[in-house]
Amino acid sequence: MSTPRQNWQSKLGFILAASGSAIGLGNIVFFSSNAYQYGGGAFYLPYFIALFLLGMPMMMVEFGMGALTHQSLPLALRRFAGKKGEYLGWWTIASALFITMYYVAILGWALGMMLGSFGSLFEPGVTAPFTPMTTPASSPNATVYFFNMISTWNPMVYIVIIWLANIFILRKGTQTIEAAVRIFVPLMWAFMIILVIRGITLEGGIDGVLYLFTPDLAGISQPSVWKGAFSQMFFSLSLGLGTMTAYASYLPKDADQVNNAMLVSFLNCSFEYLAGVAIFSLLFVFALNPAGTTLSLSFFVIPQGINELSALPWVVRLFGFGFYLLVVLAGLTSSISLIEAPASAFIDKFRISRGRALAFIAIPSIIGSCLFALPYIIDPGLSGDGTLGLTLLDITDHWVFNYSLLTVGFFEAVIIGWIFGADKLRAALNQHAKVKLGRWFEFLIKYVIPLVLLLVIVFSLIAEWPLYGSAYDMPGYGWLASFIPAFWIVFTLIFAYLLTNRKTKEA
Ligand code: PHE
């Protein structure tokens, strides 16, 4: 069944949807843990540079590709670079599916924490010592609560709920997406502003802000900091996964993509710094130490900080609930866009109905998401991640997050810069732009971005040995460290090959 291509009902609808996509777990969960891991002040400067050097120009490229072709990524790239382009497009979609699966799993846990806010997560005044899983503390602190939760089957229920919510929002495409983001996006800004005000008005909160923003020039010389900043920038702006091209494909041809890209990047990065301020202030007020993985800041440290707010118990609970509601809302407005990228790609290529495309994606992906919630404990010492699901998630995230987005960015820049022509894209974008792009834009797309991305990818691959995760103490499961990256590469390459070679159904 073929349906006419949809459109956003208003520019505001598009901006809300695209900024809702950009603002997500990346801004709250990953930004703060990356900033912490790479040493606060050493991180935000490369990150800021990445915004102007890579982020904004690449968003213009991705918006431009969607609006010029009115196609989602694989077919848009086919127009620019033939079959090779389409292959890259499907490879991107395949990687996006991996990210979607674990992204939804994390959202499921956030939902679990949200529900726990009125259960035992914020038992008044308790910070039980952490004894990994063995003796579930009677009055759990956040870490114990989290690990107790993920070592049960409950998160699978939460994951299915989040998937159903996504499908519900996506059921009529732009129309239902727009209806959801009109409510969710303003709400999440409101919650974030409350969190910031609470954080910086606590005594000592400002020290956290200073830690985040005091430049640390020594740290900047490490290539790993740049890799961290670049991948974080791509992820945070929802680049390199086909999302922004899919969203922009529903825009009219004469939309001002330069303005759109500047606005969405600005909204995203403002939210990100606000989240950094809120989280680092809590960190410093309670002198918390976020050892461990990416998730620990938002899942152990922040709730512990909230628990220590010397407020009435119901205020603590309400605050905790508000924090996880914020995470869930921000995550949902992103996960819908992650799913819309493959959905629109399938609809464009095979002219199937939206319902069929969504079912085709959701059924295997729900199973995939649930794998990331497998509760078997494989690392009792918790030097790694404890459960099988969390270990799968951590290793998958390492590979897909760090490498696929940047690789896609590299090839997109090469295709637009050298095959289609950066000058042509610049002319097309400028035609409807109030602020005109200068020649520097072509220079960035053709030379700077591909070169910088290539360097970062090659350097990080060289520094990769021994494989990520192989140091974990997980008897019997050590093979996962090499199996996961191999599986990801083989699966995505085959997927891309098969889909590129299927016939495109003409309108
Ligand atoms: N930008 C989202 C976030 O920060 C994640 C995302 C990446 C969404 C890529 C869509 C595409 O959480």
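The values are calculated or read from the model by the stated rules, or taken from the named source; none is laboratory data. These figures come from a predicted structure and were not determined experimentally. As a convention, Cβ positions derive from the backbone with ideal geometry for all residues, glycine included, and neighbour counts pool all protein chains shown.
Data for the structure
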{"read-out": "Residue count, region 291-346 (criterion: within 16 Å of the ligand (Cβ to nearest atom), touching a Phe, Trp or Tyr at 6+ places or on another chain (Cβ under 7 Å) and not in a helix (DSSP H, G or I))", "value": "1"}
{"read-out": "Qualifying positions in region 410-434 - outside any helix (DSSP H, G or I) and aliphatic (A, V, I, L, M)", "value": "Ala433"}
{"read-out": "Members of region 91-115 found to be surrounded by 23 or more Cβ atoms within 10 Å (Cβ to Cβ) and away from the ligand (no atom under 16 Å from the Cβ), listed by number", "value": "Gly112, Met113"}
{"read-out": "Tally of residues being surrounded by fewer than 24 Cβ atoms within 10 Å (Cβ to Cβ) and within 11 Å of the ligand (Cβ to nearest atom) across region 242-268", "value": "0"}
{"read-out": "Members of region 227-241 found to be within 18 Å of Val448 (Cα to Cα) and within 9 Å of the ligand (Cβ to nearest atom), listed by number", "value": "Phe234, Leu239, Gly240"}
{"read-out": "Wholly within region 15-121, helices (runs of 4 or more DSSP H) carrying at least 2 residues that are within 30 Å of Glu506 (Cβ to Cβ) and not charged (D, E, K, R)", "value": "56-69, 73-116"}
{"read-out": "Qualifying residue in region 466-486 (condition: among the polar types (S, T, N, Q) and surrounded by fewer than 16 Cβ atoms within 10 Å (Cβ to Cβ))", "value": "yes"}
{"read-out": "Pair list, Cβ under 6 Å, 6 or more apart: region 34-47 residue farther than 17 Å from Val456 by Cα, other residue of a type in the set (Phe, Trp, Tyr) and in a helix (DSSP H, G or I)", "value": "Ala35/Phe43; Gly40/Tyr211"}
{"read-out": "Members of region 1-44 found to be of a type in the set (Val, Ile, Thr), within 16 Å of the ligand (Cβ to nearest atom) and surrounded by fewer than 24 Cβ atoms within 10 Å (Cβ to Cβ), listed by number", "value": "Ile15"}
{"read-out": "Set Gly476, Gly421, Gly469: member being within 24 Å of the chain's Cα centre (by Cα) and at positive phi", "value": "Gly469"}
{"read-out": "The one condition in (1) under 28 Å from Tyr376 (Cβ atoms); (2) free of Cβ contacts under 8 Å to residues at least 24 places away in the same chain that Leu451 fails to fulfil", "value": "(1)"}
{"read-out": "Single unsatisfied condition, Leu374 versus (1) touching a residue at least 60 places away in the same chain (Cβ under 8 Å); (2) not in a helix (DSSP H, G or I)", "value": "(1)"}
{"read-out": "Any hit, region 66-77, residues being under 26 Å from Leu326 (Cβ atoms) and surrounded by 22 or more Cβ atoms within 10 Å (Cβ to Cβ)", "value": "no"}
{"read-out": "Single residue of region 385-406 satisfying the filter (on the phi < 0 side of the Ramachandran plot and outside any helix (DSSP H, G or I)) that is modelled with the lowest pLDDT", "value": "Asp385"}
{"read-out": "Which numbered condition Ala81 misses (of (1) crowded, with 23+ Cβ neighbours inside 10 Å; (2) more than 22 Å from Val258 (Cα to Cα); (3) of a type in the set (A, V, I, L, M, F, W, C))", "value": "(1)"}
{"read-out": "Some residue of region 170-188 being within 24 Å of the chain's Cα centre (by Cα) and farther than 30 Å from Pro252 by Cα", "value": "no"}
{"read-out": "Ile489 vs. criteria under 18 Å from Leu88 (Cα atoms), touching a residue at least 24 places away in the same chain (Cβ under 8 Å) and either outside any loop (DSSP other than H, G, I, E, B) or within 24 Å of the chain's Cα centre (by Cα) (or both)", "value": "no"}
